[in-house]
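Take a look at the structure below.
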Amino acid sequence: MAGEEVSAVSPSHGDSSDGRMAPQAQDRAGGSSEVAAGGDKPWHCYDTVFLNAKAGMSGVDKEKVQKVVYEMSKGSRYFENEQRKEAILQQRIEKFREQAAKISTTKLAETKAAVDRRILELEASRNLDKTWMHVDMDAFYAAVETVEDVSLSCKPMAVGGMSMICTANYEARKFGVRAAMPGFIACKLCPDLVLIKPNFEKYTHYSELTRQVFRLYDKNFIARSLDEAYLDITEFCRTESIAPAEVAERLRKDVFEKTKLTCSAGVAANRLLAKVCSDINKPNGQFVLESDREKIMEFVSKLPIRKVSGIGKVTERLLKDVLSINMCSDLIENRYLISALFSTISTDFFLSVGLGIGASEAPHEEQRKSISNERTFSPTSDANILGKILGDLAESLSEDMIKENLQGRTLTLKLKTSTFEVRSRAVSVQHFISSKKEIESLAIKLLKAELPISLRLLGVRVSQFKEDDPSQKSIASFLKDISDAAVKDDDLEHDYDEQTPYLSDTDRDTSCKHTADQWTQDDRCSLCGERISSEYPTLRQEHEDFHFALKIQQQDSVNQLEVSKRSIGKRPITQSSDRGTKKSAKNRNSIESYFAKN
């Protein structure tokens, strides 16, 4: 590995061997030759997430799905938003290509030693003594509805509405219907589709039944959602003297007897591989990957990068279109270029994936870091309706916080516009909150700063609870930490997905962006020292929201001080005008001054 020959990247790196751009990259870069020429198949260049096959969709006519999605979407706000995101992504791809073309042989040679040393370190951390199982319920919401109403068993059915589908059963998936797809598109693909209104109280009940089974095998299992969980079955296999495959078989049988629902399981030496394995023999199946390095490397070499949790649509496109990386083994073959182009944290993640190395120890962060609630609705710009929704969300969130005896200092408002743009706004207060009145008041202030606006989703999250509040430091100390942790301007141009591939492809408003450089290699926040594992991107985001809100308050305090100094220097205090009085009142409260509507 250390003796491989290294050469500089040519400007056409990532293109076909004869120097021409690969067809897919050419279509994306130029908007497809057919579109430019007025061809009769413009949907061929329309890149949609709905083409990524889920379990039960292997025989779907992808071109038909692509055409229907294109025809049903074009001209809509969703379509325009997808075009906007595609244009931004293409700009990033071109920028990465330019950076790759400028990498010299000398630069790669300097990178080579550090990368090979890092691979040796990762290999030394490989743990083959653990046995992890990832359990994923099969089409969970749809399956629960079928258990309650057996007449749905042979019908194509989806849970959701005309706006969005939560999940679809395997009969519907044969037509290309899948989760996160708008219901009106799903009905076009499958005219006989039966739509069932979601009932989360019902799904939560069945989820708890499955968890009762999980606790028999690992009392400290990690629930990732209502329908999936990780179990460390190392000790169970040892004490019961049975093989992992038998444990998976027994657990699946117990879940079915308890709930009449089927599930799929994947077993491997770490959680990253276990999750991949659980998808191989879906539905109602299992796959066990032996804890042997050679077997793992062989398995990973044939694994497409998109199959790995943490590599989403954007990261996949960057790797494919810039470096021609399609399989996980390509990550190791292109390790020097990856190190030269991506951040240290991203590089470590890609190298770990290429080696089949993932987390094998129980996560350090078990403690809840935030609590949230959100709601999707028909697009509206009516301030009264939006205020009513926020009131309902605040009431529900407050009830949950009181039940769990939680109080927090940071409130984050999530907004999705009618054009599908996702924004987040955060504010931190000096006291801890949990009541509906306090939550609603802060959320309304954040919302008012955005009006007028047409929204289709609102969400409220409270974080920075009493037991994990890192904010007890002086303004001067905090501002010094901010300065010390400053990142290069070039890094700020990359979005969240590039810097941290563990996250899904989610838009974040530029005012709330953070970079992976805020986190040290030992998973500590460079601003306050709190440790949050990279396995918890959502917790990290909430922690960053807190610092962002606190930074705004400190900046406003500094601005207020500067205003006062200028006022004193320019005129006697006794001659203060009405305008000066209003200005002082406006800056009296830092939160009000920042979020007040112009």
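Quick notes on this one:
- For segment 266-419, alpha-carbon Rg and Dmax in angstrom: 21.3, 62
- Couplings 3J(HN,Hα) of segment 165-177, computed from phi: 10, 7, 7, 9, 6, 6, 5, 6, 5, 4, 9, x, 7 Hz, in residue order, whole Hz [Karplus 6.51 cos²θ - 1.76 cosθ + 1.60, θ = phi - 60°; x for Gly and Pro].
- Amide H contacts of I165 (H built 1.01 Å from N, in plane; Pro and chain starts excluded): A180, M181, G183 sit under 5 Å, all sequence-distant by 5 or more or on other chains.
- Considering segment 330-387 at the alpha-carbon level, its Rg and Dmax are found to be 20.9, 57 Å.
- Projecting the Cα atoms of A113, T146, L189 onto the dipole axis of segment 113-225, where Lys and Arg carry +1 and Asp and Glu carry -1 at the beta carbon, places A113 farthest toward the positive end.
- Mean projected area (nm²) of the alpha-carbon convex hull when segment 363-417 is viewed from all directions: 5.1
- Among M133, M72, the sequence by solvent-accessible area, most first, with a 1.4 Å probe is M72, M133.
- Among D382, D61, D218, the order of accessible area from largest down is D61, D382, D218, computed with a 1.4 Å probe on protein heavy atoms.
- Sparse-neighbourhood loop sites, trypsin sites (Lys or Arg not before Pro) in segment 297-399 - DSSP loop, at most 12 other Cβ within 10 angstrom: K302
- Net +/- balance of residues flanking R293 in space, Cβ distance below 12 Å, scoring K and R +1, D and E -1: -3
- Under Karplus coefficients 6.51, -1.76 and 1.60, residue-wise ³J(HN,Hα) of segment 263-272 in Hz, glycine/proline x: 9, 10, 9, x, 10, 7, 7, 8, 5, 4
- In a reduced charge model with +1 at each Lys and Arg Cβ and -1 at each Asp and Glu Cβ, segment 224-319 shows a dipole moment near 480 debye about its Cα centre.
- Given K275/K313; K130/K295; K369/K436; K174/K416, the pairs whose alpha carbons are separated by over 23 Å: K174/K416
- Amide hydrogen neighbours beyond the local backbone of I196, cut-off 5 Å, H modeled: A158, V159, G160
- Under the Karplus curve 6.51 cos²θ - 1.76 cosθ + 1.60, θ = phi - 60°, whole-Hz ³J(HN,Hα) for segment 312-329, x wherever Gly or Pro sits: x, 4, 5, 4, 4, 5, 4, 5, 6, 7, 9, 10, 6, 8, 10, 10, 4, 5
- Mean separation of Cα contacts under 8 Å (6+ apart) over length of segment 226-332, as relative contact order %: 17
- Whole-Å semi-axes of segment 101-198's equivalent ellipsoid (Cα gyration tensor): 48, 22, 9
- Residues whose placed amide H lies under 5 Å from that of T262, excluding near-sequence neighbours: D138
- With every protein chain in place and a 1.4 angstrom probe, the accessible-area ranking of V288, V427, largest first, reads V288, V427.
The values are calculated or read from the model by the stated rules, or taken from the named source; none is laboratory data. Quick caveat, the model's predicted, so the values are computed rather than measured. No Cβ is skipped: glycine too gets one built from the backbone with ideal geometry, and neighbour counts run over all protein chains shown. Heavy atoms of the whole protein, side chains included, go into the accessibility calculation; ligands, DNA and RNA do not. Shrake-Rupley method; radii C 1.70, N 1.55, O 1.52, S 1.80 Å.
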